[in-house]
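Working notes, beginning with the structure itself.
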Amino acid sequence: MGKMIATRDGFGDGIIELAKKDDRVFVIDCDISKSCKTKKFSALFPERHINVGIAEQNAATFAAGLATMGKIPFVSTYAVFGSMRMCEQVRTSICYPHLNVKIACSHGGLTPGNDGVTHQAIEDMGIYRSIPGMTVVMPADYNATMKLVDRAAAYDGPVYLRFTRDPIPVFYGEDEAFEIGKGKLIKEGRDISIIAIGDMLHQALEAADKLEKAGVSVELIDMHTLKPLDTELVEKTLNKTGKVITVEDHNILNGLGSAVADVVAEKGAGVLRKVGLRDRFAESGDYYKLLEKYEMDSAQILKMAAEIL
Amino acid sequence: MEYLEKVKYLEDKARELRRHIITMIHEAQSGHPGGSLSAADFVAVLYFDALRIRPSEPKWNERDRVILSKGHTCPVIYAALAMKGFYDLSEIHTLRKMGSILQGHPDMKKVPGLDMTSGSLGQGLSAGAGMAFGAKYDGLDSKVYVILGDGELQEGQVWEAAMTAAKYKLDNLIAFVDDNNLQVDGNTCEIMPVHPIADKFLAFGWEVYSIDGHNIGEILKVLEDVKHASGKPKCIIANTVKGKGVSYMENACDWHGACPDACQYTTAMEELGGA
């Protein structure tokens, strides 16, 4: 396993790189800049940092107003609040007029493990996936985050970015290129496809490694953009293996598994299994132990693979 | 223009706005006349005297901005923008119809001269604070006017925005509260009391002005008074009458979201000097 870094650190570093080269970049914080890793930004660019305090709804609509002035505001908070507390503000004041606001959230999925259910975001990507005009992205590691934060700023429109609180392995090299809406084919294979998003890529990698050792040829995809989904890549892998396992740190409803299921259903061919939180709330605990207890880890992927191979 | 002449000119504009409001809502057979009529005098002075805008260049960066936070009263703004020449006056006959730029609630992407999408109450002041912050950052002299309803002040987000505007000393942000005392379900003081509004904004660090919202002279004066750079956002609380100008609509809660029939339409237009 490589170096362990939380992707919220990737956001904290990435937003500084962005701000250095683009003076339209602003950060709007909701009191938790230390935790969301934008503290350094606020020290370097105080005139482009707004802290509205514990007032997420105001943060979202304030950002909408600022975007009409030609700025690129990044609203930074935890994913639970960034998706639910400000949901209608984002829908009506940002997505409807397609304003150039990025909602950049730490604490995605079960990564804020020991904080418990109130701080674990398991519905956020499903919520934002269902709003017209919204783009939904979760990078798989620190380096992917640096690049995708940059790509999000280059895209003119609303983007939801989701990061981890807890450290996850660094997989990509510093020079890896990313494009929003284009999944990364990490490894080609013939027998089964594993499509992962965000922090679950490391579980998928572990499972793929074990399967390969057992003689199964695995095709592995990092689907960092949930919406717009790279349907071309999904169809291609379906044609090849006919068997897909999706892996996400999110409720099993309305996330990556559901998005891929739409493609499978419309195609009318292929077998799909979904690994994720099975429509229940988790609890406080170590992130990796939670993945194990709630059947979201590599062992679960192997179990699903055995079912459909 | 000589002062009395100007007042007369603006009174005429307000009356014309009111006639358009009634016509639009009558033709659409849906809409919100009460709050559109109560804000008409303020909107008339804004668009025909105070605002720095260019109808031929709706996106002119140095323009003043207006956000109709109480978006359901959009007929008053749609009519004002048409009268200013942002689009043809004939557009007002398409309100709420398929394919129209004039949606049931304002869509900034469709309407030339409209600075913000609105209709979900409680959000306009936040958007205005964001704009005012951006204008200051860019060194623009632009003012940002946000038109709020008194019932709308029940939304908690309004007060989140009020805190933010004071913290960032957004003295280029001007909130206008159309205090007509009525909301959909009844009297504001019964549904959920919001008064005293002035004390609340004062406590939040704003400069507060109270006026008669139907007195053109008072509106002209207050819009001059709020221009100074005091380091504080400004709130104009306008005592208004919901449905103002149409006798049977005045202070009648039921006219919040009702539309006049043929007979009522004729009466309203006569009263507004347009028959």
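The values are calculated or read from the model by the stated rules, or taken from the named source; none is laboratory data. Quantities reported herein were computed from a predicted structural model and do not represent experimental measurements. Glycine also receives a Cβ, built like all others from the backbone with ideal geometry; neighbour counts cover every protein chain displayed. Heads up: the accessible areas ignore ligands, DNA and RNA and are worked out on the full protein's heavy atoms, side chains in. Shrake-Rupley method; radii C 1.70, N 1.55, O 1.52, S 1.80 Å.
Side notes on the structure shown:
- Comparison of A:Glu266, A:Glu283, A:Glu235, A:Glu292 shows that the only residue that is within 14 Å of A:Ile195 (Cα to Cα), open to solvent by 50 Å² or more (accessible area, probe 1.4 Å), outside the structural domain of A:Tyr128 (by TED's automatic domain parsing) and more than 18 Å from the chain's Cα centre (by Cα) is A:Glu235.
- One residue from A:Tyr96, A:Tyr78 being of a type in the set (Ser, Thr, Tyr), closer than 17 Å to A:Val27 by Cβ and either at pLDDT 95 or above or out of contact with any Lys or Arg (no Cβ under 8 Å at 6 or more places or on another chain) (or both): A:Tyr78
- Complete set of residues in the stretch B:110-137 that are touching a residue at least 60 places away in the same chain (Cβ under 8 Å) and open to solvent by 10 Å² or more (accessible area, probe 1.4 Å): B:Gly113
- Residue in the stretch B:177-194 that is over 23 Å from B:Pro75 (Cα atoms) and either touching a Ser or Thr at 6+ places or on another chain (Cβ under 8 Å) or within 13 Å of chain A (Cβ to nearest Cβ) (or both) present: yes
- With respect to the conditions (1) surrounded by fewer than 17 Cβ atoms within 10 Å (Cβ to Cβ); (2) at pLDDT 95 or above; (3) farther than 22 Å from B:Tyr47 by Cα, B:Glu207 falls short on a single one, namely (1).
- Pick from the stretch A:35-60, criterion aliphatic (A, V, I, L, M) and either modelled with pLDDT under 95 or more than 24 Å from the chain's Cα centre (by Cα) (or both), ranking: most open to solvent (accessible area, probe 1.4 Å): A:Leu44
- Qualifying positions in the stretch A:61-98 - within 8 Å of chain B (Cβ to nearest Cβ), hydrophobic (A, V, I, L, M, F, W, C) and open to solvent by less than 10 Å² (accessible area, probe 1.4 Å): A:Phe62, A:Ala63, A:Ala64, A:Leu66
- Annotation for the stretch A:207-225: at least one member residue is touching a Pro at 6+ places or on another chain (Cβ under 7 Å) and not hydrophobic (A, V, I, L, M, F, W, C).
- Only one of A:Val136, A:Val218 that is of a type in the set (A, V, I, L, M, F, W, C) and over 20 Å from A:Tyr78 (Cα atoms): A:Val218
- Residue list for the stretch B:216-275, restricted to those being open to solvent by 70 Å² or more (accessible area, probe 1.4 Å), of a type in the set (D, E, K, R), in a loop (DSSP other than H, G, I, E, B) and within 26 Å of B:Glu5 (Cβ to Cβ): B:Lys227
- Residue count, the stretch A:210-232 (criterion: surrounded by fewer than 20 Cβ atoms within 10 Å (Cβ to Cβ), free of Cβ contacts under 8 Å to residues at least 40 places away in the same chain and not hydrophobic (A, V, I, L, M, F, W, C)): 6
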